[in-house]
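Here is the structure we will look at.
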């Protein structure tokens, strides 16, 4: 069991953050029963769509970055970046990349991704775009599953785990 809190100075800084800040990191200090301290950092950037619910774009803990699923929303317009699986996959991966960069990481540091597809018949087309974002021979581990439905009826959503 952990007890987590934002240090008082960071609470003041958090209130002072503006929506137009390119990226910011909020650090939580968590202590366990034995008194060990672990840091949990909340990652946020305007270069990817904001969270549409009670979650963070990404969280960093112990050198690992866990991104939330990224929909194919263009952060500049708030709309889907196209209607095809190729366009939507490309934008979802751009959003993953933006979140990872805000956390001080990059696509070449991704350990694992999970790809959620609304239709498994889109797998081959998604896979072609996906390969453009990773170095051949150093692809991350990946799961790809078909789901009944995605938020906003997207065709794809992608999440990632990376190292810093």
Please give the Cα centre distance for region 69-136 versus region 146-164, rounded to the nearest Å. 8
With labels modelled as points extended 7 Å from the Cα through the Cβ direction, what inter-label distance (nm, one decimal) is found for residue 61 paired with residue 143? 1.7
Taking 0.36 nm per residue of separation and subtracting the Cα-Cα distance, what length does fully extending residue 127 through residue 83 add? 14.2 nm
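Bear in mind that the values in this text are calculations on the coordinates, not laboratory data. Computed from a predicted model, the values in this text were never measured in an experiment. Counting neighbours? That spans all protein chains shown, and the Cβs are built from the backbone with ideal geometry, glycine included.
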